[in-house]
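Worksheet: one structure, shown below.
The values are calculated or read from the model by the stated rules, or taken from the named source; none is laboratory data. All of these numbers come straight from a predicted model, not from anything done at the bench. Glycine also receives a Cβ, built like all others from the backbone with ideal geometry; neighbour counts cover every protein chain displayed. Surface accessibility is based on the protein's heavy atoms, side chains included, excluding ligands, DNA and RNA. Shrake-Rupley method; radii C 1.70, N 1.55, O 1.52, S 1.80 Å.
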Amino acid sequence: MRFNKLIPELSVTNIDKSKEFYLNIGFKIGYERKEDKFCFLELEENQIMIEEINDHWNTGTLEYPFGRGINISMEIKDFYTVYNNIKKNKYPLFKDIMKSKYEVAGNIYIDEEFLIQDPNGYLLRFTKE
C-alpha cells in the first residue's frame, strides 16, 4: 500500500454512518481497525482517514459542521460517476457542478467541480481531472 505524504484524518460522530456515506459515493476501504472505530479510505489517488471521536485528537469542542474554514479538494478522473452516486443516494450538494477560474502563476485554469458536505459537515470538493 502506498501512502500519500498528506492524509487528512477526520473525527466523526458515527463511524458506520460516515463509512456508509464514503462507500456510497465511490471510496474504497484501504484498511480498517474496527476495534478503534477507524477506517482508511481511498478514491483513485485520494486518501482520507475517518475515526469516531475518541478525545485523543480534539483541540477544542467539536460541533456541527465540523471542519469549518477548510475544504478538502480531490481531483478525480471518474468525476461523473461520483457525482451520479451522490445524486442516486440523494445526498444534498453544497454546490452543484460549476466551472471555476483560477489564476496560478499567470496562467488561467478552468476547473469543473462540485462540493458536498459529509455527514459531519466536512466540505469535500471534487474536481474533474
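Would you confirm, using the coordinates I've provided, whether Asp111 is under 24 Å from Asn4 (Cα atoms) and either open to solvent by 60 Å² or more (accessible area, probe 1.4 Å) or acidic (Asp, Glu) (or both)? Answer is yes for this residue. Of the residues in segment 117-128, how many are outside any strand (DSSP E or B), of a type outside the set (S, T, N, Q) and in contact with a helix residue (DSSP H, G or I) (Cβ under 7 Å, 6 or more places away or on another chain)? So the count comes out to 2.
Okay, residues lined up against (1) over 23 Å from Met1 (Cβ atoms); (2) modelled with pLDDT under 95:
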{"position": "Gly30", "(1), (2)": "no, no"}
{"position": "Ile48", "(1), (2)": "no, no"}
{"position": "Asn58", "(1), (2)": "yes, yes"}
{"position": "Lys77", "(1), (2)": "no, no"}
{"position": "Leu93", "(1), (2)": "yes, no"}
{"position": "Leu123", "(1), (2)": "yes, no"}
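Within segment 6-18, the residues that satisfy the criterion of being over 11 Å from the mean Cα position of the chain (by Cα) and surrounded by 18 or more Cβ atoms within 10 Å (Cβ to Cβ) are Ser11, Val12, Ile15. Quick one: is Arg68 among the basic types (Lys, Arg) and touching a strand residue (DSSP E or B) at 6+ places or on another chain (Cβ under 7 Å)? It is false that Arg68 is among the basic types (Lys, Arg) and touching a strand residue (DSSP E or B) at 6+ places or on another chain (Cβ under 7 Å). Out of curiosity, is Gly67 at pLDDT below 95 and farther than 13 Å from Leu10 by Cα? Here the answer is no, as Gly67 does not meet what is asked.
I'd like to check something: does segment 107-116 contain any residue that is modelled with pLDDT of 95 or more and part of a loop (DSSP other than H, G, I, E, B)? Within segment 107-116 (the criterion being modelled with pLDDT of 95 or more and part of a loop (DSSP other than H, G, I, E, B)), the answer is no, since none of the residues qualifies.
Among the conditions (1) under 19 Å from Phe114 (Cα atoms); (2) under 13 Å from the mean Cα position of the chain (by Cα); (3) without any contact (Cβ under 8 Å) to a residue 24 or more places away in the chain; (4) loosely packed, with under 12 Cβ neighbours inside 10 Å, the only one that Lys28 does not satisfy is (1). Of the numbered criteria (1) part of a strand (DSSP E or B); (2) open to solvent by less than 60 Å² (accessible area, probe 1.4 Å); (3) more than 20 Å from Leu10 (Cα to Cα), the one Glu42 fails is (3).
Yes/no matrix, rows are residues, columns are (1) part of a strand (DSSP E or B); (2) of a type in the set (Ser, Thr, Tyr); (3) touching a His at 6+ places or on another chain (Cβ under 8 Å); (4) without any contact (Cβ under 8 Å) to a residue 60 or more places away in the chain:
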{"position": "Lys5", "(1), (2), (3), (4)": "no, no, no, yes"}
{"position": "Ser18", "(1), (2), (3), (4)": "no, yes, no, no"}
{"position": "Phe21", "(1), (2), (3), (4)": "no, no, no, no"}
{"position": "Asn24", "(1), (2), (3), (4)": "no, no, no, no"}
{"position": "Glu35", "(1), (2), (3), (4)": "no, no, no, yes"}
{"position": "Ile50", "(1), (2), (3), (4)": "yes, no, no, yes"}
{"position": "Trp57", "(1), (2), (3), (4)": "no, no, no, yes"}
{"position": "Leu62", "(1), (2), (3), (4)": "no, no, no, yes"}
{"position": "Gly69", "(1), (2), (3), (4)": "no, no, no, yes"}
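The set of residues in segment 71-98 being open to solvent by 100 Å² or more (accessible area, probe 1.4 Å) and within 22 Å of Phe40 (Cα to Cα) consists of Glu75, Lys77.
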